[in-house]
1. Let me know the longest stretch in the chain that avoids all trypsin sites (Lys or Arg not before Pro) found in a DSSP loop with at most 12 other C-beta atoms within 10 Å.
2. Given a 1.4 Å probe and heavy atoms of the protein chains only, how would you sort H479, H22, largest accessible area at the top?
3. Under the rule a/c < 1.5 gives rounded, and otherwise a/b versus b/c splits prolate from oblate, where does region 36-83 land using the Cα gyration tensor?
4. When the solvent-accessible surface of protein heavy atoms is calculated with a 1.4 angstrom probe, in what order do F230, F21, F633 fall, highest first?
5. How much accessible surface does M272 have with a 1.4 Å probe, in Å² rounded to 10?
6. Would you please classify the overall shape of region 423-566 from the alpha carbon gyration tensor, given that a ≥ b ≥ c denote the square roots of the eigenvalues, rounded means a/c under 1.5, and beyond that prolate means a/b larger than b/c while oblate covers the rest?
7. Mean separation of Cα pairs under 8 Å and 6+ residues apart, divided by the residue count of region 176-334: what relative contact order is that in percent?
8. For region 565-588 and region 142-178, what is the separation of their C-alpha centers, rounded to whole Å?
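The values are calculated or read from the model by the stated rules, or taken from the named source; none is laboratory data. On a predicted model such as this, the values are computed, not experimentally measured, just so you know. Virtual Cβ from ideal backbone geometry, glycine too; neighbours counted across all protein chains shown. What goes into the accessible areas is simple: the full protein's heavy atoms, side chains included, and nothing from ligands, DNA or RNA. Shrake-Rupley method; radii C 1.70, N 1.55, O 1.52, S 1.80 Å.
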Amino acid sequence: MKYRREIDGLRAVAVMPVILFHAGFSVFSGGYVGVDVFFVISGYLITSILIAELEQGRFSIIRFYERRVRRILPALFFVLLACLPFAYMWLLPPQLKDFAQSLVSVVFFGSNVLFWIESGYFESAAELKPLLHTWSLAVEEQYYLIFPMFLLIAWRYGRNRVFWSVVVISAMSLLLAEWGWRNDPDANFYLAPTRAWELLAGSICAFLTVGRAVKSNGILSVIGLAAIVFSVFSFDENTPFPSIYALFPVVGTALIILFATQGTWVARLLSMRVLVGIGLISYSAYLWHQPVFAFARLRSSSEPDHYLMGALAIAALVLAWGTWRWVEQPFRRPTSPMLATRRAVFVASGAFGAFIVAIGIVGHTSQGNFFRYDPRIVSSLRDAESGSPVVDLENRVDDGQCVFSAPHLSEEIANRIGECATMHGPGILVIGDSHATNLFHSIVRSERNVSTSFLIGITTNGCHLPEIRKGCPYNEIYHFVENNQFTFARILYEKAGYLMFIPPENRDVRAYIRNGGSAIVDEERISGVVTWLNGLAEFSPIIWYGPRLSPLISHNEFYERGCDGDFSIKDSHVETYAKLDSAIEGLVKQGGNLRYVSQINAMNFSYPEDFGGCDDLLWFDESHFSRSGETNFGNRFDLLSGSNDGP
């Protein structure tokens with residue numbers, strides 16, 4: 001196969017937007033499409049080799065997989081091994097357990113399935129997964145487990161028929177992706193059936209070019225490059241993907257492959273030395289960038305600034321060059337003394353794979369502890385988090401009748417609420433973010449709050465008024481209450497307290513307060529919440545439950561202090577929350593339509609007693625109650641009415 005410099009340059013166009021997107025540079029909001037460019041390039045290059053060998057009658061499936069092993073595994077295993085000491089030193093047990101599971105899934109090229117189960121790519125927690133990016137390697141290798149065998153079996157029917165079969169399968173995969181983003185967007189993003197058409201697009205290019213002259217067309221090649229650039233800067237996390245939108249980078253890449261021959265402006269641009277150089281190390285750069293970024297974020301109390309992330313992006317390229325020079329190149333050459341025989345290649349790959357899998361299994365079975373911390377701490381935190389409805393929707397209460405919680409107000413939920421109102425009369429509605437989820441379940445678990453058989457929670461993690469982002473149910477709640485004004489006797493609202501402070505520059509406000517800083521109350525944000533709630537209060541009485549006095553003690557600190565540590569909080573911490581409590585109450589009273597209840601006063605928090613201990617943790621993180629905490633704090637006053645006088 002004739003070497004084309006512009007294809008290596010195209011690899012640089014693919015990898016750099018991915019790196020800059022993951023580094024957090026918002027201008028590259030669609031940088032993730034670089035993966036789709038890679039898929040098309042891969043489909044083109046691999047299929048070109050397969051077609052040439054099939055036409056010459058010398059195709060060998062064993063030789064094909066030997067090439068794949070030499071190309072993929074040495075650099076991959078090297079990066080995985082390099083990650084191990086940092087994961088051991090810096091990851092907390094739950095994180096290390098997840099990392100260990102991802103190690104095993106990477107070796108078996110199933111990480112796309114694992115990350116689909118854990119979902120989703122655009123969530124903030126995804127940025128902290130060092131091996132998240134390996135999902136695309138898994139998609140490729142799953143494709144190459146099937147596609148060569150398909151070609152080998154189908155080739156007897158002739159190249160033309162195989163070509164049209166590939167076109168039809170590609171179209172079906174695209175249609176599946178169109179259906180998938182509407183019905184299961186996470187599966188659609190991660191799984192091979194809805195990504196196969198992108199690799200097949202590259203395969204189609206191979207059928208059109210192998211054994212035939214590549215046609216030069218400067219205009220079409222410019223259109224192709226423009227389509228890629230457009231998607232990099234115009235798409236974002238809200239763009240349905242993959243879908244017909246993915247035709248921009250996919251067709252754009254195909255146009256460059258088909259028409260950007262030497263002599264065209266695009267080919268000259270992509271053949272520039274710097275782009276070809278980055279393209280040559282693009283695989284290693286892709287492998288390195290996510291672990292580098294993830295570990296940096298894990299070690300920082302807040303999102304690293306652009307200067308640091310830019311420096312880390314350069315560091316990833318430097319590491320990539322070293323890996324390409326001393327790992328990729330020596331192992332890819334069959335004449336190299338390193339793994340010179342096919343048998344040596346497969347034996348060494350199996351041995352290294354088994355070693356990494358063994359580490360993953362130990363990490364999983366030890367719950368990510370790896371003999372680092374008191375097992376009681378690991379067990380208590382796991383128990384505190386595992387039963388929390390904040391962490392897992394399946395833990396939310398639903399009695400099958402009229403006491404239940406849901407993250408969204410769907411038509412089905414609205415109908416169910418209507419039926420409950422008919423049976424029981426006006427009920428209680430709990431709304432807000434994950435702290436409101438705690439509030440709902442505190443009511444349910446409390447012995448003092450048993451006076452209602454009609455209690456509904458519509459609470460969604462990460463949905464913080466006054467902002468109403470996509471996926472948050474506040475508009476639906478507002479319209480429902482407006483149109484059903486006698487359905488609820490009252491509405492209870494709670495919002496995470498730490499989100500009502502102005503974050504200090506480049507610092508996590510929780511750590512800042514915990515360490516003695518006096519955070520500034522964000523009165524503008526609070527006023528926005530008051531305005532929204534006052535509008536809703538035109539249709540139903542509302543109680544705003546003020547912020548709880550959260551300990552803001554991170555898991556990391558809990559592990560370091562141990563089961564017998566001191567979990568007191570600073571006086572400045574108490575004063576900062578008291579100042580917030582007072583500010584909210586004052587702004588609520590100015591509005592006139594709301595009632596405010598101070599949880600700090602009603603629950604009379606006292607530390608370290610109200611933190612709990614290894615035998616009975618009352619918090620599962622910095623600010624959320626554990627199940628035990630929901631029961632303990634829920635019994636301190638009547639949450640249904642906001643009274644200390646009992647039910």
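1. The answer is 216-468.
2. Greatest to least solvent exposure: H479, H22.
3. Here region 36-83 falls in the oblate category.
4. Sorted descending by solvent-accessible area, the residues read F230, F21, F633.
5. 90
6. oblate
7. It rounds to 22 percent for region 176-334.
8. 63
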